[in-house]
Amino acid sequence: FFSTHAGSCEGIIFDNVWRDDVLAKFHDRLQRMVVINRRTSLEFVSAVYPDFDRSALLAFAHLYARGFERIYFISTHDDYYVQQTVDAGLRVAREIGAEFDEASIRNPRTAEERQAFAAELKQADQRVGIFSPDDNWSLLFQADLEAAGVEIPRKVGLLTGIGTKAVRGPRRFSTLVVDFERMGELAVNCLREEKPRQQTVEVKLEVGSTT
């Protein structure tokens, strides 16, 4: 990628799958870099990302307000965005005194793991609220729960984390909504700045039928 593009532009916007250790190798060749949808540990790289702490707070507040007694955050895949969402959940839980720890982070990633998790939730003696940062996973798990005979939201509530069109159809999910257009605008503004910047994008809650 860099051998093809680095010499033809002064700055590049990278999405959240690009690792910091990779970007660090090209510090001298590319003076202006912005990563979106995650924080970065690199002082010479700008970053624009959702307000992760607000996301976690909205998730806890909504799910507890709806009467869910046990809350799980889902680590849907290995990714900066997912990990920073999970880390924010642990951090905010400590601040608000929620009963939420490492055991509350689950990672059913394959179809078999999702189906086993759905079967586990069917036997739970508490109402369970699930927060997934990935809309695609949420759609798949909704189907798994329904196939297992789990009532949504009476038994299990699903809150998803991005708010793409896929979860805002006729059977609307309860979802956090990330304004990616605004994220893109801020990323372009960062490229124009002389010094790197860290900026957050506000996250909103839309209540649907799944909680």
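The values are calculated or read from the model by the stated rules, or taken from the named source; none is laboratory data. All values reported here derive from a predicted model rather than from experimental measurement. With ideal geometry, Cβ positions are generated from the backbone for all residues, glycine too; neighbour counts draw on all protein chains shown. Calculation scope for accessible area: heavy atoms of the full protein, side chains included, ligands and nucleic acids excluded. Shrake-Rupley method; radii C 1.70, N 1.55, O 1.52, S 1.80 Å.
Figures for the structure shown
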{"quantity": "Relative contact order computed over the chain (Cα-Cα under 8 Å; 6+ residues apart), in percent", "calculated": "23 percent"}
{"quantity": "Where the chain is the region considered: accessible area per residue in Å², 1.4 Å probe", "calculated": "51 Å²"}
{"quantity": "Farthest toward positive dipole pole in the chain [+1 Lys/Arg, -1 Asp/Glu at C-beta], among Ala93, Val201, Cys190", "calculated": "Val201"}
{"quantity": "Portion, in percent, of the accessible area of the chain that falls on carbon or sulfur, probe 1.4 Å", "calculated": "47 percent"}
{"quantity": "Stretch in the chain that is longest and holds no GluC sites (Glu not before Pro) that DSSP places in a loop and that have at most 15 other beta carbons within 10 Å", "calculated": "100-150"}
{"quantity": "Charge dipole (debye, nearest 20) of region 118-172; +1 at Cβ of Lys and Arg, -1 at Cβ of Asp and Glu", "calculated": "300 debye"}
